Amino acid sequence: MEPITLSLIFALVGIGAGIALSYTLLNKSITKSSRELVKKAEEDAELLKKEKILQAKEKFLQLKSEHEKIVNEKNQQITTAENRIKQKELSLNQKLEEVNRKTNETNTLKENLTKQLEINTQKQAELDKQTSIQKAKLEAIAELSAQQAKEQLMQLMEDEAKADAMVLVKDIMDEAQTTANMEAKKVIIKSIQRVGVEAAMENAVSVFNIENDEIKGRIIGREGRNIRTLENLTGVDVIIDDSPDAILLSSFDPVRREIARLSLQKLVTDGRIHPARIEEVVAKTKKQIEQEIAEIGKRTCIDLGIHNLHHELIRMVGKMRYRSSYGQNLLQHAKEVANLCATMAAELGLNAKLAKRAGLLHDIGKVPDTEPELPHALFGAQLAEQYKERPEIVNAIGAHHDEMEMDNLISPLVQVCDAISGARPGARREVVEAYMKRLNDLENIALTYPGVVKTYAIQAGRELRVIVGAEKVTDEQATQISFDLSKKIQNEMTYPGQIKITVIREIRSVNFAR
């Protein structure tokens, strides 16, 4: 064998022996380390086990304590509930005993009542029997039946009542004859005290003075066309009679009379009197009256020291100058009420300015631009609320005739002052108010027909002039309106004499030459 081969073999054998030795030594070392690790792990596990056991014991003790606490609470609740149940049971037993006692008493009382009822029934039967026997004896003695005796008794009582009544009537008549003269004098004196001197004619007529009778002919115009135009435009009855140097303007509406008077004054001063000029002057006069109404309202507010009043309310205050309430001038009445309210409010320690404002506006519902369906007090309250017046003033206006519930001290104050102003002798006249209301109703009835433009009650209500639109109403329809209106007025209104209904339909063609 070659030397190289032998060397290689020995080398391999040596390497193998070294590997085996190394493995043996390494295995011994690993075994020792493993045993140490296992021992340490066992010690750690033992310690961990002891800790866990200790923690488990602590947790058990804690849970046990909580459980015992819960059990004690439950036992306490059960004990409390048992005590309540025992108390309720005791109470129920007492009530049951009370009910049983009352039941026994009721039964005893019922038995007693039953016995008493039986006794009463027996007594009633015995009484009825005795009554029948006595009735039969009385009928035999009187030789009358019970019905006949009853009728005779009723007749006797009726005769006595009639006799007493006749005596009473005679006494009353004697007393009435004795006191009749005295009572009549009292009634007459009161009537004289409360009635003014002026009559309805004086409140419905204005006198326009002229220089000579020649002007009357110019005012009348050819075939009366001027006077008819003036009457149709103003709604005023122009009366031209034998009175020297005077023309009468008759209308229940003071505004219409004033417009007619001022228009006549301008026409006479100007000298040109014809239908076109009359129409122009009347239109300008109406605007002038509207401005004058506004000025009157402003002056009234300034005189009374009332500020920040809505311009529409100021205009309505001015319109009061041309209205009357039972013959009493409405503006004068409103100013009297305002001053009375301020004086009484100051005496009572209330707001005098607020009371004066409410007193001035309390009858504002009597001068509407349109005819409302509400009473004037409620309509006035609506107007005041619409124009942002204070709630106290609104309530005072609406409640001064008890048509609204009063909610402040100003309201009864306004009501009292209104009564003081209207109740003084001669302040108001029912006849005048009824007269004006009749004329207003007469005009309003005509306005209900379609096609009617304007209506005027003239001749103190003896004539009604109705102006209709020519484009809306034909001649035949105008005739029918006149007939229907006469029947409606006849059926719905009460008036003296007769009323003439005149329906006017005219066509105007207007062009301008430029």
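Assorted remarks:
- About the centre of its Cα atoms, segment 366-407 shows a dipole size close to 180 debye [charges on the beta carbon of Lys, Arg (+1) and Asp, Glu (-1) only; nearest 20 debye].
- The charge dipole of segment 207-272, taken about the Cα centre with unit charges on the Cβ atoms of Lys, Arg (+1) and Asp, Glu (-1), comes to about 340 debye, rounded to the nearest 20.
- For the peptides 310-320, 277-287, 226-236, residues were scored by their other Cβ atoms within 10 Å and the scores averaged per peptide; the highest-first order is 226-236, 310-320, 277-287.
- Extended-chain gain in nm, criterion 0.36 nm per residue less alpha-carbon gap, Leu54 and Asn83: 6.1 nm
- Note on Lys123/Leu96: beta-carbon distance plugged into 1/(1 + (r/R0)^6) with R0 of 56 Å gives a FRET efficiency of 0.90.
- When segment 275-362 is described by a simple charge dipole with +1 on each Lys and Arg Cβ and -1 on each Asp and Glu Cβ, the residue from His362, Val281, Ala294 located farthest towards its positive end is Val281.
- Cross-link pairs Lys366/Lys437; Lys266/Lys286; Lys286/Lys454; Lys266/Lys287; Lys286/Lys500; Lys319/Lys366 - those with Cα-Cα distance over 18 Å: Lys286/Lys500
- Heavy-atom accessible area, probed at 1.4 angstrom with all protein chains present, ranks Asp402, Asp484 as Asp402, Asp484, highest first.
- Under 27 Å from the Cα of Lys74 - lysines, other chains or at least 8 residues apart: Lys57, Lys59, Lys64, Lys86, Lys88
- Subtracting the Cα-Cα distance of Glu312 and Gln332 from 0.36 nm times their residue separation leaves 5.3 nm of extension gain.
- Positive minus negative residues near Ile504 (Lys, Arg vs Asp, Glu; Cβ under 11 Å): +2
The values are calculated or read from the model by the stated rules, or taken from the named source; none is laboratory data. On a predicted model such as this, the values are computed, not experimentally measured, just so you know. For neighbour counting, all protein chains shown are included, and Cβ atoms are generated from backbone atoms with ideal geometry for every residue, glycine included. Ligands, DNA and RNA are stripped out before the accessible areas are found, and what is left, the full protein with its side chains, is counted by its heavy atoms. Shrake-Rupley method; radii C 1.70, N 1.55, O 1.52, S 1.80 Å.
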